[in-house]
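Here, each number is a calculation from the coordinates, and none is a lab measurement. Owing to the predicted nature of the structure, the values given are computational and were not obtained by experimental measurement. Here Cβ is always computed from backbone atoms with ideal geometry, including for glycine, and neighbour counts include all displayed protein chains.
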Amino acid sequence: MMANVDGVIQQAENYCKAKGARLTTKRKQVLRGLIESNKALSAYELIDFCHQHFGEKMPPMSVYRILEFLEHHHLVHKLNLANKYVACTHISCDHTHAIPQFLICINCSKVKEVSINQATISDLSETAKNAGYDLYTPQVELNCLCQSCLPA
Ligand SMILES: [Zn+2]
Ligand SMILES: [Zn+2]
Ligand SMILES: [Zn+2]
């Protein structure tokens, strides 16, 4: 759980403002949903979450559009394999965003975002090149078991 959800939302709002975009109430709710749930959610799980927590009924189309906006502004990430979304861990950070690696718990969907070091990306890119492929999105998604889901 991120320490101060309101603080993070505020940061996100300032960030959007600086880019000439507006973090509207609905956009905020979706972002808050991802931050508060602290795990990967599909658009439909997010709709449920917003309904339960904010009493808001959002049509799937607008949720997808909101997610696109948030992704564009690097506030959320899309997990391509799981087709789910997570809040970026670095919303309130100043440093440049490295290429993320997502550790995804296959049991509870809790996600940890860590950075991949440059050497690993070079390796991946090299391996792809040797196979005749050009690395397009180096984002790495790994299926894991988190600490709380590991059998004792
Ligand atoms: Zn991130
Ligand atoms: Zn950071
Ligand atoms: Zn877990």
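Under 5 Å between amide hydrogens, built in the peptide plane, is the criterion, and for Asn107 it picks out Cys146 among residues at least 5 positions away or on other chains.
Here's the list of aspartates and glutamates a cross-link from Lys57 could span, going by alpha-carbon distance under 17 Å and ignoring same-chain residues fewer than 8 apart: Glu45, Asp48.
On the principal axes of its alpha carbon atoms, the chain extends 50, 45, 30 Å, with the longest extent given first. Highest average first, the peptides 142-148, 43-49 ordered by how many other beta carbon atoms sit within 10 Å of their residues are 43-49, 142-148.
Computed on the Cα atoms alone, the convex hull of the range 78-152 gives a volume of 124 cubic angstrom per residue.
Going down the table (Lys84/Lys110; Lys19/Lys84; Lys84/Lys129; Lys84/Lys112), which pairs top 20 Å between alpha carbons? Working shown, then result.
Working: Lys84/Lys110 11 Å; Lys19/Lys84 25 Å; Lys84/Lys129 28 Å; Lys84/Lys112 14 Å.
Exceeds cut-off: Lys19/Lys84; Lys84/Lys129.
Within the chain, what's the longest stretch lacking trypsin sites (Lys or Arg not before Pro) that sit in DSSP loops with no more than 12 other Cβ atoms inside 10 Å? Result for the longest clean stretch: 58-152. Restricting the chymotrypsin sites (Phe, Trp or Tyr not before Pro) of the range 99-152 to loop positions (DSSP other than H, G, I, E, B) with no more than 14 neighbouring Cβ atoms within 10 Å leaves Tyr133, Tyr136.
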